[in-house]
Amino acid sequence: MSMNPRIDNWQGRRVWLIGASTGIGAATARLLIGRGARVAVSARKREALEALETKEPGSSQLLVLPLDVTDHAALLAARTRIVAAWGGFDLVLLIAGGYNEMRADAIDLPAVDAMIDLNLRAAYLCLDAVVPQLLKQGTGGIGLVASVAGYGGLPKALVYGPTKAALINLTEGLYFDLHDKGLAVYQINPGFVDTPLTKNNDFKMPGLMTPEAAALAMVGGIERGEFHIHFPKSFTSGLRLARLLPYRLYFWLIHKVTGL
Ligand SMILES: NC(=O)c1ccc[n+]([C@@H]2O[C@H](COP(=O)([O-])OP(=O)(O)OC[C@H]3O[C@@H](n4cnc5c(N)ncnc54)[C@H](OP(=O)(O)O)[C@@H]3O)[C@@H](O)[C@H]2O)c1
């Protein structure tokens, strides 16, 4: 039995994608618009969001709501606009996130604050903006895009990793609170995806996917009603298994694979 309701048809479904101007979010917007969903897209770059429009401006099922996800008031205003336009939403995906590599010999406190604000604190701002509406509806769902970097400690991810680990934990807690209320919760953990976020990585990224393939995998998991959606399985399953090793072996293996 699936952990969330299955979705057979996106026609007319109301989806809010937060972090949809580039990468996985933009690919997901294009995919769902193509499948007939009504899609509200948010991020800071208005022009990139507007470029997702596939028909005459204003005539398609796209709602462009530029915002900074760390701005609570902006999230509340966007939520209000979606509810006014569509009467509610069926799915909210928090995709926005950022990555700065950081190691112990160079802790950059402003970068620490910014990453925690964007990757973690903003999740609570989004929850505050959307969960009351979802509970009122008694139907719909929310997904948080975390990362395989949240499964276990990794070199160079001294802040990114902990923020994503927190999101993984957060989705688990949310499932306890929302599943029995009829709401779907999705924990989404991509492996490596070729997007602006990974463009500065100076190492070989195993299992690197295109944003389009990542969007397909994510949407496929949601359609099947999965809770834990991770891809590509060849890479992510290995990391999940590695996490079960005794620490001595885990550290040895990650060091051997990354050379770090
Ligand atoms: N790429 C990977 O290998 C990978 C692996 C695991 C997990 N992930 C996660 O997947 C998610 C999407 O990443 P991506 O790879 O698709 O990277 P991306 O192309 O850089 O996309 C990040 C998105 O977040 C938005 N964003 C960033 N800061 C924001 C802010 N303050 N307010 C609103 N929106 C903001 C960006 O839009 P604006 O700049 O227009 O605001 C953009 O739409 C992230 O959470 C990332 O951690 C990615």
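The values are calculated or read from the model by the stated rules, or taken from the named source; none is laboratory data. Predicted, not measured: the structure shown is a model, and the values here were computed from it. Glycine gets a Cβ as well: all are built from the backbone with ideal geometry, and neighbour counts include every protein chain shown. Areas reflect the complete protein model, heavy atoms only, side chains present, ligands, DNA and RNA absent. Shrake-Rupley method; radii C 1.70, N 1.55, O 1.52, S 1.80 Å.
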Inter-centroid distance (Cα atoms) of region 111-172 relative to region 188-208, Å: 19 Å
Once phi for every residue in region 13-20 is put through the Karplus expression 6.51 cos²θ - 1.76 cosθ + 1.60 (θ = phi - 60°), the whole-Hz ³J(HN,Hα) values, with Gly and Pro written as x, are 5, 9, 10, 10, 9, 9, x, 10
Counting only protein heavy atoms with a 1.4 Å probe and every protein chain in place, the carbon and sulfur fraction of the accessible surface of region 150-260 in whole percent equals 63 percent
A student applying the Cα gyration tensor rule (rounded when a/c is under 1.5; otherwise prolate if a/b is larger than b/c, oblate if not) would label region 178-256 oblate
What is the percent carbon and sulfur in the accessible area of region 1-94, measuring with a 1.4 Å probe over the protein chains and ignoring ligands? 49 percent
Which residues' amide hydrogens lie under 5 Å from the amide hydrogen of G143, considering only partners 5 or more residues apart or on another chain, with H built in the peptide plane? V92, L93, L94, Y186
Listed residue pairs exceeding 32 Å between alpha carbons, taken from K136/K199; K181/K204; K156/K233: K136/K199; K181/K204
Taking every other residue with Cβ under 15 Å from the Cβ of N4 and scoring Lys and Arg +1, Asp and Glu -1, one gets -3
For region 98-187, with +1 on Lys and Arg beta carbons and -1 on Asp and Glu, the positive-most of I107, A165, G182 along the dipole: G182
Average accessible surface area per residue within the chain, 1.4 Å rolling probe, Å²: 48 Å²
How high is the relative contact order of the chain? Use alpha-carbon pairs under 8 Å, at least six apart in sequence, and give a whole percent. 20 percent
When only Cα pairs under 8 Å and 6 or more residues apart are kept, what is the percent relative contact order across region 106-224? 24 percent
